[in-house]
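The values are calculated or read from the model by the stated rules, or taken from the named source; none is laboratory data. Quick caveat: nothing in here was measured; it's all calculated off a predicted structure. A quick note on method: Cβ atoms are made from the backbone with ideal geometry, for glycine too, and the neighbour counts reach across all protein chains shown.
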Amino acid sequence: MTTTAPPPTRTAPERAPSAGAGALRTVVTPVVLAVLLVAALAASIAIGSVPLPLGEVVAALGGARELDSHLIVQDLRLPRTLSGVVAGSCLAVAGVLLQGATRNPLASPTLLGITSGGGFAVVLGVAVLGMPSSYAVWAAFLGGAGAAGLALALAGSGRDGMSPVRLALSGAVISLLLSSWTRAILSLNETHSDEVRHWLAGSLAGRDAAALPPLLPLLLVGLVAAVLLARPLDALSLGDETAVGLGQRPGRVRLLAGAVAVGLSAIAVALAGPIAFLGLIVPHLARFLVGSRHRDVLLASALLGPVVLLTADVVGRVVAPPTEVQAGVLTALIGAPVLVRIASRKKVGL
């Protein structure tokens, strides 16, 4: 009796602090990320080819038209910054949904070909069909959904079924194919070539303030749907049989999560073009910060996505003056090593 009494007294104090620390982490982390987001917003508006003091930025945002900085802030940097917030949140949340629905750590809008498909559809519509830019989000949705469907079909066509790396390779094949078709369209149609090529690089520069308001209802619907899918995705992470036992329908959950992810990715593509790897990097960082529960991961990703994208955009403005490096180029430079690291883990096999 004396030998078995000590273990409970040692383990009980160890578990309580860890549970409390986990709960504290899920509360403190979003607050810290919100502070970082505010800092990224301020930097995005203040830093550029013409640096602006923070006081001037606040005055210009308040409507002080007599300031020379009013035009820079209101017409150039504010639309660019808000587009980065929306695009970053959309891609990050879409990555969480895709990784949760497929139980695949490599799933993301980039690796499933969604961003390339959306970009191809927009270029096809604008450069060939003369589609108004207001319809870009719908073209991106159809193109992204088609590309994702092709990638999933190709990945699941093997004898051994679908694996994470096979899915990534299938998405890469679809992305390369669509990218080559996009370049072919641009080479044959030089009217929109410069404008569309700059957009395809994944850039927040030159964003139009009028393009954002029509997308806000779609954004709200997508984010609400993502939150409602958090609990079903938690159940799905335990396996299909367990999810069914918990009252979920795995096939329907995957279909809804995929549709919402494609819709959110379409919004991001319509605003900023195909930003590479953001939907892959941010969900993994969020899980590292807050754990694996999807509700917490979605919130952290929605805050962290804009921080990463706006930071990349700000760095791109100052790293090689007087030219700018597109944000999509910088996220690709960061995302490629992350992809290699995730793919090299033992549990992600062919």
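From Ala270, Ala261, grab the single residue that is closer than 14 Å to Ser301 by Cβ and assigned to a helix (DSSP H, G or I). First the steps, then the outcome.
Working: Ala270 fails: closer than 14 Å to Ser301 by Cβ.
Matching residue, one of Ala270, Ala261: Ala261.
Checking the conditions here, which among Arg317, Arg254 is within 26 Å of Gly144 (Cβ to Cβ) and of a type in the set (D, E, K, R)? Can you show your working first?
Numbers: Arg317 fails: within 26 Å of Gly144 (Cβ to Cβ).
Going through Arg317, Arg254 in turn, the sole match is Arg254.
Starting from segment 79-107, take each residue that is more than 23 Å from Ala60 (Cβ to Cβ) and list its partners that are of a type in the set (Ser, Thr, Tyr), counting only C-beta distances under 6 angstrom and pairs at least six apart or across chains.
Ala92/Ser301; Val93/Ser301; Ala94/Ser265; Gly95/Ser108; Val96/Ser301
With (1) in a helix (DSSP H, G or I); (2) of a type outside the set (D, E, K, R); (3) touching a Gly at 6+ places or on another chain (Cβ under 7 Å) as the list, and Gly55 as the residue in question, which single condition is left unmet?
Unmet condition: (3).
Residues to consider are Ser108, Ser134, Ser83; find the one that is small (Gly, Ala, Ser) and closer than 30 Å to Pro51 by Cβ. Before the answer, list the steps.
Numbers: Ser108 fails: closer than 30 Å to Pro51 by Cβ; Ser134 fails: closer than 30 Å to Pro51 by Cβ.
Selected residue: Ser83, the only one of Ser108, Ser134, Ser83 that is small (Gly, Ala, Ser) and closer than 30 Å to Pro51 by Cβ.
Of all the residues that make up segment 26-52, how many are of a type in the set (Gly, Ala, Ser) and not in a helix (DSSP H, G or I)?
Restricting attention to segment 26-52, the residues satisfying the condition of being of a type in the set (Gly, Ala, Ser) are 34, 39-40, 42-44, 46, 48-49.
Those still in the list that are not in a helix (DSSP H, G or I) too: 48-49.
Total meeting the criteria: 2.
What pairs can you find where one residue is in segment 214-225 and free of Cβ contacts under 8 Å to residues at least 40 places away in the same chain, the other is part of a helix (DSSP H, G or I) and of a type in the set (Val, Ile, Thr), and their Cβ atoms are less than 7 Å apart, with a gap of 6+ or different chains?
The qualifying pairs are Ala225/Val260.
Which numbered condition in (1) among the β-branched types (Val, Ile, Thr); (2) touching a residue at least 12 places away in the same chain (Cβ under 8 Å); (3) not in a helix (DSSP H, G or I) is the only one that Thr323 fails?
(2)
Being outside any helix (DSSP H, G or I), under 30 Å from Val227 (Cα atoms) and at pLDDT below 85 is the requirement here; does Leu106 meet it?
Working: outside any helix (DSSP H, G or I): yes; under 30 Å from Val227 (Cα atoms): yes; at pLDDT below 85: yes.
Against the criterion (outside any helix (DSSP H, G or I), under 30 Å from Val227 (Cα atoms) and at pLDDT below 85), Leu106 qualifies.
So Ile275 fits all but one of (1) in a helix (DSSP H, G or I); (2) buried (at least 20 other Cβ atoms within 10 Å of the Cβ); (3) under 18 Å from the mean Cα position of the chain (by Cα); (4) modelled with pLDDT of 85 or more; what number is the exception?
(1)
Can you tell me which of (1) part of a helix (DSSP H, G or I); (2) farther than 30 Å from Leu186 by Cβ; (3) in contact with a Leu (Cβ under 9 Å, 6 or more places away or on another chain) is the one Leu71 doesn't meet?
For Leu71, the failing item is (3).
Would you be able to tell me the number of residues in segment 178-210 that are at pLDDT 80 or above, under 15 Å from Ala272 (Cα atoms) and touching a Leu at 6+ places or on another chain (Cβ under 8 Å)?
Matching residues across segment 178-210 total 1.
With the structure loaded, tell me whether Val319 is among the β-branched types (Val, Ile, Thr), out of contact with any Ser or Thr (no Cβ under 6 Å at 6 or more places or on another chain) and modelled with pLDDT of 95 or more or whether it fails that test. Explain how you work it out, then say what you get.
Details: among the β-branched types (Val, Ile, Thr): yes; out of contact with any Ser or Thr (no Cβ under 6 Å at 6 or more places or on another chain): yes; modelled with pLDDT of 95 or more: no.
So Val319 does not fit the description; no.
Those residues that are over 17 Å from Val315 (Cβ atoms) and crowded, with 20+ Cβ neighbours inside 10 Å, I need them from segment 31-51; list them, please.
Leu33 - this is the single residue of segment 31-51 that is over 17 Å from Val315 (Cβ atoms) and crowded, with 20+ Cβ neighbours inside 10 Å.
Mind checking which pairs have a first residue in segment 330-342 that is farther than 18 Å from Gln99 by Cβ and surrounded by 19 or more Cβ atoms within 10 Å (Cβ to Cβ) and a second that is among the charged types (D, E, K, R) and modelled with pLDDT of 85 or more, Cβ under 9 Å, 6 or more apart or different chains?
Pairs found: Leu330/Asp313.
Given the conditions (1) surrounded by fewer than 20 Cβ atoms within 10 Å (Cβ to Cβ); (2) farther than 28 Å from Ser175 by Cβ, which single one is not true for Pro232?
(1)
Being buried (at least 24 other Cβ atoms within 10 Å of the Cβ), farther than 13 Å from Thr26 by Cα and of a type in the set (A, V, I, L, M, F, W, C) is the filter here; which residues of segment 282-300 pass it?
Val282
Looking at Val244, is it in a helix (DSSP H, G or I), closer than 21 Å to Leu91 by Cβ and hydrophobic (A, V, I, L, M, F, W, C)? Walk me through how you get there before you give the answer.
Numbers: in a helix (DSSP H, G or I): yes; closer than 21 Å to Leu91 by Cβ: no; hydrophobic (A, V, I, L, M, F, W, C): yes.
Taking the combined requirement at face value, the residue does not satisfy it.
Among the residues of segment 295-317, are any farther than 23 Å from Thr81 by Cα, among the aliphatic types (A, V, I, L, M), in a helix (DSSP H, G or I) and more than 15 Å from the chain's Cα centre (by Cα)?
no
Does at least one position in segment 30-51 carry a residue that is within 28 Å of Ala302 (Cβ to Cβ), of a type outside the set (Phe, Trp, Tyr) and at pLDDT below 80? Even if it seems obvious, please write down each step before you answer.
At the first step, the residues of segment 30-51 found to be within 28 Å of Ala302 (Cβ to Cβ) are 30-48.
Still in the running and of a type outside the set (Phe, Trp, Tyr): 30-48.
Subsequent filtering for residues that are at pLDDT below 80 retains none.
No, because not a single residue in segment 30-51 is within 28 Å of Ala302 (Cβ to Cβ), of a type outside the set (Phe, Trp, Tyr) and at pLDDT below 80.
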